[in-house]
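Have a look at the structure below before the remarks.
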Amino acid sequence: MIYRIEVEGKEYNDNYTFETPKEGDILDELRAIVEDMEEGNIDKLKIEREA
């Protein structure tokens, strides 16, 4: 499964794709993003799953 992820904030401004299982578990990726959000490094998160 391929996910398109967009993050914006003071630390990160990036658009990238994440492919499971090749790059790992999407839940682990989301946990890392949420941790950065809690630290104030990311303000906006957008995720889209491709069929």
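The values are calculated or read from the model by the stated rules, or taken from the named source; none is laboratory data. Small disclaimer: the values here were computed from a predicted structure and weren't measured. Cβ placement follows ideal geometry from the backbone for every residue including glycine, while neighbour counts extend to all protein chains displayed.
Here are the numbers for this structure:
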| read-out | value |
| --- | --- |
| Subset tally (residues that are more than 14 Å from ILE47 (Cα to Cα) and of a type in the set (Lys, Arg)) for the range 3-37 | 2 |
| Within the chain, tally of residues that are assigned to a strand (DSSP E or B) and touching a residue at least 24 places away in the same chain (Cβ under 8 Å) | 14 |
| Output for the range 5-51, where each listed residue is within 8 Å of the chain's Cα centre (by Cα) and either at pLDDT below 95 or charged (D, E, K, R) (or both) | GLU6, GLU29, LYS46 |
